[in-house]
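Everything below concerns the one structure shown next.
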Amino acid sequence: MDKKKGKISFTFIATVIGFMIAVQFQTVKKPVERDTRDIWQLREALLTEKELQSNLLTEMRLNEEKLAAYESKRKQSKEQALRDTLEELKSEAGLKEMTGPGIIITIEPVLEGIKVGEPISNVVSPELLQRLLNELNMYEAKYISIDGQRVVNTTVIRDINGETKIDGHAIKKLPLEVKAVVDDQNKAETLYNRMKVSKAGDEFFIENLRLLISKPTSNIIVPAFEQPIRVHYLEPVKEGGVS
C-alpha cells in the first residue's frame with residue numbers, strides 16, 4: 001500500500017515538474033520583442049501622439065459646441081439658425097470681407113543686390129508665394145489676401161506665359177502686399193514673431209526679394225473672393241429627402 005502511494009506521489013511530482021519545464025521552454029523559445037528605439041525617439045513619438053490627441057479633443061469640443069448651438073437656435077428660430085449658418089459658410093468660403101487683427105507682409109526687390117544697368121525684376125515665383133502661404137497657414141492665419149486677391153481653398157497660384165497668376169489675376173509689379181488676419185490680438189503677435197524669424201525671408205532674399213513685416217494691428221481688411229465658385233457633382237435635395 002505504501003509503495004502504491006509512493007508511485008502516485010512520484011507520478012504527480014513528475015507531472016508538475018514536466019509542466020513547469022514545458023512552460024519555461026516555451027517562454028525561452030518565443031522571447032518578447034523589445035522596443036529598440038532610443039529615449040528621444042520615444043519622446044518624439046509620445047509628443048506626436050499627445051498633439052494628435054489634443055487636436056482631436058479640440059475638434060470634438062468645437063463640433064459639440066456647434067451642435068449644441070445649432071440645436072438651441074433650431075428650437076428658438078429655425079430661420080435664424082439657417083441665416084447664421086449661411087453667413088458662417090460664406091465666411092469660411094471667403095465670400096465675405098473680413099476685418100481683424102493681423103499683419104501685412106510687403107514683398108519688394110532688393111535694390112542693393114542688383115548690378116548697375118541690370119533690370120529690376122517684378123516677378124515673384126508661384127513656388128515662393130506658395131511657401132509663404134504654407135508658413136502663414138502653419139502659424140494659424142485664418143484669412144489671407146495677395147495683391148488684393150482673397151486666397152481660398154480652391155485658389156490656384158501658377159506661372160502662365162512667364163507671369164505669376166493667382167486665380168487668373170496677374171502679379172505685374174512690386175512691391176506686393178500680403179495680408180493675413182487671425183482670430184485675436186495674441187495670435188497676431190505670435191504670427192508676427194514667428195514670421196520675423198521664418199526661413200521664408202531667406203528664401204525670398206536668395207531671389208533678390210525682401211519681406212517687410214508690419215507690426216500687428218487690429219484692423220487689417222481682407223477682401224472677399226470676387227470670382228464665382230464652381231460647384232460640381234451636387235444635386236438639389238428632393239423635398240422630404242432629408243429628415
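The values are calculated or read from the model by the stated rules, or taken from the named source; none is laboratory data. Keep in mind the model is a prediction, meaning the values are calculated, not measured. With ideal geometry, Cβ positions are generated from the backbone for all residues, glycine too; neighbour counts draw on all protein chains shown.
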Condition first: surrounded by 20 or more Cβ atoms within 10 Å (Cβ to Cβ) and farther than 21 Å from Met98 by Cα. Can you find one or more residues in the stretch 131-154 that meet it? no
For the stretch 146-178, name all the residues that are hydroxyl-bearing (Ser, Thr, Tyr) and closer than 22 Å to Glu207 by Cα. Thr164
Which of the residues that make up the stretch 210-243 are modelled with pLDDT of 90 or more and either assigned to a strand (DSSP E or B) or exposed (fewer than 13 other Cβ atoms within 10 Å of the Cβ) (or both)? Arg210, Leu211, Leu212, Ile213, Lys215, Thr217, Ser218, Asn219, Ile220, Ile221, Val222
Tell me which residues, restricted to the stretch 93-120, are modelled with pLDDT of 70 or more and of a type in the set (D, E, K, R). Lys96, Glu97, Glu108, Glu112
Scope the stretch 159-191; condition in contact (Cβ under 8 Å) with a residue 24 or more places away in the chain and on the phi > 0 side of the Ramachandran plot; matching residues: Gly162, Asp167, Gly168
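Condition check ((1) among the aromatic types (Phe, Trp, Tyr); (2) touching a Lys or Arg at 6+ places or on another chain (Cβ under 8 Å); (3) at pLDDT below 70; (4) surrounded by 10 or more Cβ atoms within 10 Å (Cβ to Cβ)) across all residues:
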position: Phe19; (1), (2), (3), (4): yes, no, yes, yes
position: Leu46; (1), (2), (3), (4): no, no, no, yes
position: Gln53; (1), (2), (3), (4): no, no, no, yes
position: Lys75; (1), (2), (3), (4): no, no, yes, no
position: Asp84; (1), (2), (3), (4): no, yes, no, yes
Which residue out of Glu189, Glu203, Glu207 is out of contact with any strand residue (DSSP E or B) (no Cβ under 7 Å at 6 or more places or on another chain), surrounded by fewer than 19 Cβ atoms within 10 Å (Cβ to Cβ), more than 27 Å from Glu226 (Cβ to Cβ) and at pLDDT below 90? Glu207
